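Okay, structure first, notes after.
The values are calculated or read from the model by the stated rules, or taken from the named source; none is laboratory data. Just so it is clear, the model here is predicted, and its values are computed rather than measured. Here the Cβ is made from the backbone with ideal geometry for all residues, glycine too, and neighbour counts use every protein chain on show. Remember, those area values only see protein heavy atoms, side chains included, never the ligands or the DNA or RNA. Shrake-Rupley method; radii C 1.70, N 1.55, O 1.52, S 1.80 Å.
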Amino acid sequence: IPRYDQSGEFLGYIGSCTDISDRKIAENRLQQQLNKSLLLAKITDKIRQSLNPDEIFATAAQEIGKIFEVNHALIFTCQFLPKTSQPNKIIAVSEYRQGNYPSLIGVEISVVNNPSMEYVFREEKAFPINNIETSPLSSHFQDMLKVMSPKSLMTCGTFYQGKVNGCIGLYHCDHHHQWKNEEVELLE
């Protein structure tokens, strides 16, 4: 509000401010919850339209790739060691691609002696890597690195009735990406 003296000469303004940081944090959390709900509803609706696993995987990969704004979103299925419930390797069966990157359908990644994949399947948690060049675990992604050069990635296992059946991989190839807690939680 402008302030004037007795003679009408301008003295300055009187004002107040309110810290709305808490409100903005709450709004962001609500937006994240809404995004999560919308993503799950969209995938669920599309899955209900088909019982074909290939169509379901394709839909899931497309929607996940779009919401995370990545260059690649891959859905992998597990191949298991004979007579065990331990996965031997994962095979890319569906993908979303943004940009001029080669298809990764059919790419195989070994799970055996791969600490990052073992962690994903053991802990049932997403495994984000912000910078693959500086990650000590990059050697475990050599099969994939031969085909493309991701700068950041995040992988999360998929489970059915408590047993691992595959995983989802998200890849940024254009730039390094700092994965936020909200993104990790959404993928999980």
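At-a-glance table
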quantity	calculated
Cross-link table 46/180; 46/66; 151/180; 36/180; 36/125, entries beyond 21 Å C-alpha to C-alpha	46/180
Listed residue (32, 10, 60) projecting farthest to the positive dipole end of the chain, Cβ model	60
Accessible heavy-atom area order of 47, 168, 1, 25, highest first, probe of 1.4 Å	1, 25, 47, 168
Sequence of 72, 177 when ordered by accessible area, the most exposed leading, probe 1.4 angstrom	177, 72
Debye, to nearest 20: dipole size of the range 1-121, +1 on Lys, Arg Cβ, -1 on Asp, Glu Cβ	380
Cα-based convex hull volume of the range 1-86 per residue, rounded to whole Å³	195
Surface accessible to a 1.4 Å probe, residue 19 within the full protein complex, Å²	120
Part-to-part distance (alpha-carbon centres) for the range 40-77 and the range 159-175, which is given in Å	12
Pairwise label distance in nanometres, residue 159 with residue 88, each label 7 Å out on the Cα-Cβ vector	2.4
Solvent-accessible area of residue 125 with every protein chain in place, 1.4 Å probe, in Å² to the nearest 10	90
Sequence of 83, 89, 46, 163 from largest to smallest accessible area, 1.4 Å probe	83, 163, 46, 89
Cα-centred dipole magnitude for the range 68-188, charges only on beta-carbon of K, R (+1) and D, E (-1), debye, nearest 20	380
Heavy-atom accessible surface of the chain: percent carbon and sulfur, 1.4 Å	50
Two-site label geometry, residue 4 and residue 178: point separation in nm, points 7 Å out along Cα→Cβ	4.9
